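Worksheet: the structure to be examined is printed underneath.
Every number in this text was worked out from the coordinates using simple rules, so none of it is lab data. The structure displayed is predicted, hence computed values, not measured ones. No Cβ is skipped: glycine too gets one built from the backbone with ideal geometry, and neighbour counts run over all protein chains shown.
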Amino acid sequence: MRRVPMGDAPGQPDADGLMSAPAATRNLGPILDVLLPRLPRKGNVLELASGTGQHIAALAAHRPDLIFHPTDVDEVRRAAIDARCKGLPNVAPAGEINAGEPGWAIEGAADAILVVNLLHLISDAEMSNLLDEATRALAKGGLLAIYGPFLRDGVPTSDGDRAFDASLRGQDPAIGLKEIEVIQSVLSALGLRVEMVDMPANNLFVLARGGAGI
């Protein structure tokens, strides 16, 4: 998993051990609006690359009936996630998962999996591993929710996304915005039913459900 320097990235933990990211603050409301009504009635929610923990803490506060499992590859971020989720009894301690590597899935263990602003920071091969492992980890009828900016018909949808994509590829040629059509095709091939929701700032929420008859 790569850590690419970005102007919108969180800084060091504050005096309370918390980290914050401007992007997470901006997109939190829209993400909650889409995700809260679609989460399962009970069960376990896994977040991959939880970062600052802002999303999972807000979701857990709204849904005390669910158990949330944050993860991150970075030890400092895991500590910051735990600090942010302190006092939320339905949030497990942050675990270490490298979502782009094979072998992390526990078969059928997650009723929902959340991935926010990650795919553009990993390679195509790592994305393939992530999607395959996430599908294996989903319980029948589970929800895989992926949020972020994407290429559409192979091109960015705005000047801002074009500059962002160029910046990412300039720092690491293996990463950059992914083609939404490819993701749809892969998820469909993995047996998931895909819904897409347009989000602010030209972002998309990809919502994929597993299990026949759901």
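Restricting everything to alpha-carbon atoms, can you work out Rg to Rh for the range 98-187 with a Kirkwood hydrodynamic radius? Please report the intermediate quantities before stating the final value.
Working: Rg = 13.7 Å, Rh = 13.7 Å.
Here Rg/Rh amounts to 1.00.
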Study note, to complete from the structure: Dividing the surface of the Cα convex hull of the chain by four yields a projected area in nm² of 10.9
Practice item. Please report the base-10 log of the normalised intensity I(q)/I(0) for the range 51-156, using a Debye sum with one equal scatterer per alpha carbon and no solvent, at each q in 0.10, 0.14, 0.17, 0.24 (1/Å). Key: -0.30, -0.58, -0.85, -1.45
Exercise for review: Towards the positive end of the charge dipole of the chain, with charges on Cβ (+1 Lys, Arg; -1 Asp, Glu), say which of L190, L130, A109 has the farthest Cα.
Suggested key: A109
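Only bridges with both residues in the chain count here: give the DSSP antiparallel percent, nearest 5. Mind dumping the intermediate values first?
Values: 13 of 31 bridges.
Roughly 40 percent of the DSSP beta bridges within the chain come out antiparallel.
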Practice item. Could you give the spread of the C-alpha atoms of the range 48-92 along their three principal axes, from largest to smallest, in whole angstroms? Key: 28, 18, 14
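Order 101-112, 11-22 from most to least packed using the mean count of other Cβ atoms within 10 Å.
On the way: 101-112: 16.2, 11-22: 13.0.
Taking the mean over residues of other Cβ atoms within 10 Å, the ranking is 101-112, 11-22.
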